[in-house]
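*Asks:* Below are the structure tokens for one structure; questions will follow.
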Amino acid sequence: MFIDEIRSDFAQLQSDIAEGPILPTVTAEEVRTYLESRYDFHRTMPLEEVVIDVEKMLRNWQVQVTHPRYFGLFNPSVTLASVVADTLVSMYNSQLANWRTSPAANEIERHTLGWLAKKFGMPSNSIATFTSGGSEANLSAVVVALTRAFPAYGEHGLRHLSGTPTIYLTAESHNGYNKIAHMTGLGRRALRVVSTDSDLKMNLSDLRRSVAEDRNNGFLPLMVIGTAGTTATGVIDPLVEVGQFCREEGLWLHVDAAWGGSAILVPSLKHYLDGIGDADSITCDAHKWLSVSMGCGMFFCRHPETVAEAFRADVSYLSGKKTGPVFDPYTNSAQWSRRFIGLKLFMSLAQQGSDGYAEMIGHQARMGNVLRDELKASGWSILNSTPLPLVCFTRDGLVPGKFLTSLHKNQIAWMSEARVGDIPVVRACITSYRTTERDIHCVVNEMNRLVGNMDEKQFAATGQGQGNA
Ligand SMILES: Cc1ncc(COP(=O)(O)O)c(C=O)c1O
């Protein structure tokens, strides 16, 4: 079997990446010229040669998101099992549009999702599907919520409603809801930005005020987005209280736990997600903190009949529409032809078990604490508050954009710029199970050295963005 070769290639790649640069310096012009000179698609090449060439490009011309010092945007170091799974999926090219074509694959996904749904505390009859990512899962949530609240929406669209449905979230929620509001026809102005408290969590009284005001003005409050692990600052909204409010008001609660949801597998972290099991729907991405390769999102919903209505489809050419207690994914989700997305999570879970995962995620949470402590000890200010390993920091006079340019140029680590309120900060998120205390120690030392070397003039200069990251 090919697994031994993949294992050794994977180990070699992991160690090469850890030893090598994190950021590329290439320009678009250089890549385009190279591609045009080699690939006119008239001249053919042996596959071996193409593989060597593509690997060379990937090694040199991308941010190495699996580097232990990539402190980035939720892109993980991936498990070997997920790499093997992706190969199997491609080799067999399983089609999961309907159940009858791929019974094994469909049931593997169902089994895996059912296990996770239980961990979240969702009811046993809830439905779950693998998605391309968190954005598709969040889009699904809005479409299903609309379908449940307004039965005419599916046939007649929004124009049949007596007002505009509105969605409540905070400025910290994922920016993709703007696109979703646009795509669903709700319009971006249907989003209501609820204020946050000093910890950047959703402010309940402002939520209450905003919903009441909208009702008075003829709007149709639809749903609240509670985030468990906001993208910029890792904050978890007060899910129990927001859930209680949603029940009182008859609003749909969607918990966007695209990154933070995986904390449910860690005994010492899961209580931070209290209330998530009462949500109407949940997004959780396995391609974030469950360390499988992209794209592997998940959508969980406690209203299977509404999901079936929202994605209803009936065609003569897909046989076996219903076989006993099974469902066809093409009638229960946005996708039609469907890759065997869930195999990588199934195989990773099978290999590492829930204890292995608890250790892997718990390790990253501990590394986040180490980073926080080391930064504080050397005079940096931490501006966000979260139990998750995402640290937003700055220091007097620092211009984050300029600092990041130097950090990246020196290949010290990959970090990004974010804002906490109005304050620009450096954002570092531990997303690799390979990050060690030593990595963090080296990075903080190097950052201190960098700051020590930056003279007053440089500090005061205007930020220049984040280089080519
Ligand atoms: C909270 C949150 N929701 C949704 C998304 C979108 O997920 P994806 O990039 O998988 O579409 C992200 C991405 O970072 C996120 O942080």
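*Asks:* Would you work out what percent of the accessible area of the chain, with all protein chains in place, is carbon or sulfur (probe 1.4 Å)?
*Replies:* Accessible surface attributable to carbon and sulfur in the chain totals 52 percent.
*Asks:* Sticking with this one: Sequence gap of 8 or more, or different chains, plus Cα separation below 16 Å: how many lysine pairs satisfy both in the chain?
*Replies:* 4
*Asks:* Explain nothing, just the number: dipole magnitude of the chain about its Cα centre with +1 on each Lys and Arg Cβ and -1 on each Asp and Glu Cβ, in debye rounded to the nearest 20.
*Replies:* Roughly 620 debye, rounded to the nearest 20.
*Asks:* In terms of modelled amide H atoms, which long-range or inter-chain residues lie less than 5 Å from the amide H of Leu220?
*Replies:* So Leu220 has HN proximity to Thr164, Thr166.
*Asks:* Quick one: Debye curve from the alpha-carbon atoms of region 137-276 only, equal weights, vacuum; give me log10 I(q)/I(0) at q = 0.11, 0.17, 0.18 Å⁻¹ to two decimals.
*Replies:* -0.38, -0.90, -1.00
*Asks:* Let me ask something else about it. Given the protein chains as shown and a 1.4 Å probe, how many square angstrom of Lys376 are accessible, to the nearest 10?
*Replies:* For Lys376, the solvent-accessible surface is approximately 120 Å².
*Asks:* Where the only charges are on Cβ atoms (+1 Lys, Arg; -1 Asp, Glu), what is the dipole of region 7-133 about its Cα centre, to the nearest 20 debye?
*Replies:* In total the dipole reaches around 660 debye.
*Asks:* If you don't mind, another one. For the chain, what proportion of DSSP beta bridges, expressed in % and rounded to the nearest 5, is antiparallel?
*Replies:* Bridges in the chain are about 60 percent antiparallel.
*Asks:* Still on this model: Rounded to the nearest 20 debye, what is the charge dipole size of region 148-215 about its Cα centre when +1 sits on each Lys and Arg Cβ and -1 on each Asp and Glu Cβ?
*Replies:* Result for region 148-215 is approximately 220 debye, rounded to the nearest 20.
*Asks:* For region 152-162, what does the Karplus curve 6.51 cos²θ - 1.76 cosθ + 1.60, with θ = phi - 60°, yield as ³J(HN,Hα) per residue in whole Hz, taken in order and with x for Gly and Pro?
*Replies:* Whole-Hz 3J(HN,Hα) from phi for region 152-162: 7, 4, x, 8, 10, x, 5, 5, 7, 7, 7.
*Asks:* Residue by residue through region 399-404, what is 3J(HN,Hα) from phi via Karplus (6.51 cos²θ - 1.76 cosθ + 1.60, θ = phi - 60°)? Round to whole Hz and write x for glycine and proline.
*Replies:* Values, residue by residue: 9, x, x, 6, 4, 5 Hz.
*Asks:* Now for a different question. Which whole-Hz couplings ³J(HN,Hα) result when phi for each residue of region 86-102 is put into the Karplus expression 6.51 cos²θ - 1.76 cosθ + 1.60, θ = phi - 60°, listed in order with x for Gly and Pro?
*Replies:* 4, 5, 4, 4, 5, 5, 8, 6, 4, 10, 9, 4, 10, 6, 4, 5, 9
*Asks:* Quick one: accessible area per residue over the chain, 1.4 Å probe, rounded to a whole number of Å²?
*Replies:* Accessible area per residue, the chain: 46 Å².
*Asks:* Given H placed 1.01 Å from N in the peptide plane, which residues other than close sequence neighbours of Trp414 have an amide H under 5 Å from its amide H?
*Replies:* Tyr70, Phe71
*Asks:* Another question, if that's okay. Order the peptides 220-230, 88-98, 279-289, 40-50 from the highest to the lowest mean number of other Cβ atoms within 10 Å of their residues.
*Replies:* Highest mean packing first, the order is 279-289, 220-230, 88-98, 40-50.
*Asks:* What is the set of long-range amide H partners of Arg338 at a cut-off below 5 Å, with H atoms built 1.01 Å from backbone N?
*Replies:* Close amide H contacts, sequence-distant or interchain: Leu96, Ala97.
*Asks:* Pairwise over distinct Cα atoms, reciprocal of the mean inverse distance: report the Kirkwood radius of the chain in Å, one decimal place.
*Replies:* For the chain, the Kirkwood estimate is 23.9 Å.
*Asks:* Grab the DSSP H runs of the chain that are 4 residues or longer, score each as -39,500 (n - 2.57), total them, divide by all residues and round the 222 nm result to the nearest 500 deg cm²/dmol.
*Replies:* The helix contribution divided over the chain gives -13500 deg cm²/dmol.
*Asks:* With all protein chains present, calculate the accessible area of Asp256 using a 1.4 Å probe and round the result to the nearest 10 Å².
*Replies:* Answer for Asp256: close to 10 Å² accessible.
The values are calculated or read from the model by the stated rules, or taken from the named source; none is laboratory data. Because the structure is a prediction, the values reported are computed rather than measured. Note that we place each Cβ from the backbone using ideal geometry, even for glycine, and neighbour counts take in every protein chain shown. When the accessible area is computed, the model is the full protein with side chains, heavy atoms only, and any ligands, DNA or RNA have been set aside. Shrake-Rupley method; radii C 1.70, N 1.55, O 1.52, S 1.80 Å.
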